[in-house]
1. Going Cα to Cα from LYS228, which lysines come in below 27 Å? Please leave out same-chain ones fewer than 8 positions away.
2. For SER39, list long-range residues whose amide hydrogen, built 1.01 Å from N in the peptide plane, is under 5 Å from its own amide hydrogen.
3. Once the cut-off is 32 Å, how many percent of the Cα-Cα pairs in the stretch 3-270 end up in the long-distance tail?
4. Between SER208 and ASP75, take the C-beta separation as r, use R0 = 30 Å, and let me know the FRET efficiency to the nearest 0.05.
5. Could you work out [θ]222 nm for the chain from helices alone, using -39500 (n - 2.57) per DSSP H run of at least four and dividing by all its residues? Round to the nearest 500 deg cm²/dmol.
6. Calculated FRET efficiency, ALA8 and GLU157, Cβ-Cβ r, R0 35 Å, to nearest 0.05?
7. Could you pull out every residue, at least 5 positions away or on a different chain, whose amide H is within less than 5 Å of the one on THR196? Hs are placed 1.01 Å off N in the peptide plane, and Pro or chain starts have none.
8. Suppose the chain between ALA250 and LYS129 were pulled fully straight at 0.36 nm per residue; how much longer would it get relative to their current alpha carbon spacing?
Amino acid sequence: MDWTAIAAPWLRVEAETDAAHAPVLEGLMARAGLQPGQSVLDIGPGGGVSLISAAQAVGVTGHVTGVEIAPPFADRARERVPDNVTVHVGDAAGFPFMGRSYDAAISMLGVMFFADPNKAFAHIRTALKPGAALSFACWGSPEANPWFSVPAEVADEVFGPGPVLDLDAPGPLSLSDPSKITRLLTAAGWSVEIDTQDLHLTPRGDPSEVAAMYMTVGAAAMRMGAAKAKGILTQEQRDAVRAGLEKVFAYMAEGDAVRIPAQVHYVRAIA
Ligand SMILES: C[S@@+](CC[C@H](N)C(=O)[O-])C[C@H]1O[C@@H](n2cnc3c(N)ncnc32)[C@H](O)[C@@H]1O
């Protein structure tokens, strides 16, 4: 995946996606149990929201190191984080860690994209002290995560059938099967516990504002981007996608807010 290209639209809706994913981060931090003074690794921190939470948890006597593959995300994270955070640009799957030095590692939605996950998880283990925990959040089953399926279905209605979801390929749903997580991590030397939770994403705004976010990122935005690149995207198609998204998100409105059902695996793996 070309994360440098992907970063630009995601950074345009950073506040919106940070708000939407706040319950995921809250669950991750509650389970990671970071302590003051710890040295913590954050894998794929994106624009840095989890780095900020981890930095608060470890305090001024601790330190958080982010390893982020996309320079635009790393640059943005560096703007936001306090002094006890360092952000490196690099591939966590092969990053030159300084031996088994970290007290803990976290990742919010950042470990589903490795080309060779077995090798990557084995390599990350070499960065943690023996007995230290890697805590990460990844998306659960595709059926329980409409924030993927809704924009894809809306795009299919407008553009025709899109790419078939390949759960074996690197991508946001590549660790949706908990038995695959256990198999991969166990083979890489970790012991694993998985806590699967159904929750609600909390995007900001009304259905039309949530639709606007998913006009920028996600499956419908990608289909529109592909059509635009070929010079065949029409205003009618854009309007139809927006209307389709608004309609579905209106069904998920509770009062003034949209609450999108989601399923997350919280994984705790011991090095
Ligand atoms: C879905 S985003 C999540 C970003 C952030 N953790 C959040 O939840 O807001 C996935 C992140 O992982 C990063 N990433 C993907 N593969 C990576 C790798 N091999 N090493 C380091 N970072 C990676 C991406 O650039 C992106 O920032």
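Read the figures in this text as sums done on the coordinates, not as results from a lab. Because the structure is predicted, anything quoted here is derived from the model rather than measured. Cβ sites come from the backbone with ideal geometry, for glycine too, and all protein chains shown count toward neighbours.
1. Of all the lysines, those that pass the test against LYS228 - Cα under 27 Å, at least 8 places apart if same chain - are LYS247.
2. Long-range HN contacts for SER39: HIS63, ASP103, ALA104.
3. Summing the P(r) of the stretch 3-270 above 32 Å gives 23 percent of all pairs.
4. On the way: r = 31 Å, r/R0 = 1.03.
In this case the efficiency is close to 0.45.
5. -13000 deg cm²/dmol
6. After rounding to 0.05, the efficiency reads 0.85.
7. For THR196, whose amide H was placed from the backbone, the distant partners under 5 Å are TYR266.
8. Roughly 38.8 nm would be gained on extension.
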